[in-house]
Amino acid sequence: MDPLNTQHGMPESEAAAEARRLIDDWASKPVRHHPTSFRDDTEPPAFGTTPPVKQDDKRIVPAWAAGIAVASIGVGAGVTGIGCGAWLVLQGLASVTLNGVLMVTLPFAGLAMAATAIGGAISKARAAVTKNVFEGPVTHHTEIHNNSTTRGAFFARTRNEIR
């Protein structure tokens with residue numbers, strides 16, 4: 001069944017007249033335009049405060065994302081401060097001289113020397129006290145039996161047995 005060549009109860013001349021009437025009816029109506037923006041042309045006052053205008057809260061970014069953004073800005077600023085501090089320290093270390101190092105480490109070396117001396121004195125004082133007291137005779141008996149045999153002439157091999 002071909003819908004383009006099938007008669008629907010209306011002759012072709014009537015169909016053309018009805019189509020013309022529908023098109024003319026549609027064309028006679030005005031086109032409705034929908035405004036997409038609004039401009040307020042009223043002049044603001046020449047002096048004084050302007051009246052407040054209500055502005056709707058239409059946030060695009062969710063609150064949690066804004067919080068993360070603020071936190072990342074804070075972390076970035078903190079890391080920048082740490083980086084600046086490290087740069088200052090490294091600049092100071094770059095201009096170090098031997099005399100400066102010796103003057104800075106001299107108190108630490110003195111403290112280390114004093115701690116070593118005190119530790120040695122305490123160690124010697126504690127070593128004088130004996131904790132183990134043995135009573136009775138102590139004997140030491142050692143027997144060595146050495147059997148040595150050598151075989152061969154040019155590549156000699158010596159075997160020692162100690163019992």
Practice prompt. Could you grab me the full set of residues in the range 1-15 that are open to solvent by 100 Å² or more (accessible area, probe 1.4 Å) and at pLDDT 75 or above?
Written response: Glu12, Glu14
Practice prompt. Test each condition in (1) in a helix (DSSP H, G or I); (2) exposed (fewer than 10 other Cβ atoms within 10 Å of the Cβ); (3) of a type in the set (Gly, Ala, Ser) for Ala66 and report the one that comes out false.
Written response: (2)
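Among the residues of the range 120-143, is any surrounded by 10 or more Cβ atoms within 10 Å (Cβ to Cβ), of a type outside the set (A, V, I, L, M) and without any contact (Cβ under 8 Å) to a residue 24 or more places away in the chain? Spell out the reasoning first.
Let us first name the residues in the range 120-143 that are surrounded by 10 or more Cβ atoms within 10 Å (Cβ to Cβ), namely 120-122.
When the remaining residues are screened for being of a type outside the set (A, V, I, L, M), the result is 120.
If we keep only those that are without any contact (Cβ under 8 Å) to a residue 24 or more places away in the chain as well, we get 120.
Yes, that holds for at least one residue.
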Practice prompt. Please give the number of the condition Leu93 fails out of (1) among the aliphatic types (A, V, I, L, M); (2) part of a helix (DSSP H, G or I); (3) surrounded by 10 or more Cβ atoms within 10 Å (Cβ to Cβ).
Written response: (3)
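Sort out which residues of the range 16-29 are modelled with pLDDT under 90 and part of a helix (DSSP H, G or I), and write them in order of number.
Taking the range 16-29 as the starting set, the residues that turn out to be modelled with pLDDT under 90 are 26-29.
Selection gives Trp26, Ala27, Ser28.
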Practice prompt. Test each condition in (1) open to solvent by 100 Å² or more (accessible area, probe 1.4 Å); (2) at pLDDT 90 or above; (3) not aromatic (Phe, Trp, Tyr) for Ala77 and report the one that comes out false.
Written response: (1)
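The values are calculated or read from the model by the stated rules, or taken from the named source; none is laboratory data. Please read all numbers here as calculations on a predicted model, not as lab measurements. Glycine gets a Cβ as well: all are built from the backbone with ideal geometry, and neighbour counts include every protein chain shown. Ligands, DNA and RNA are stripped out before the accessible areas are found, and what is left, the full protein with its side chains, is counted by its heavy atoms. Shrake-Rupley method; radii C 1.70, N 1.55, O 1.52, S 1.80 Å.
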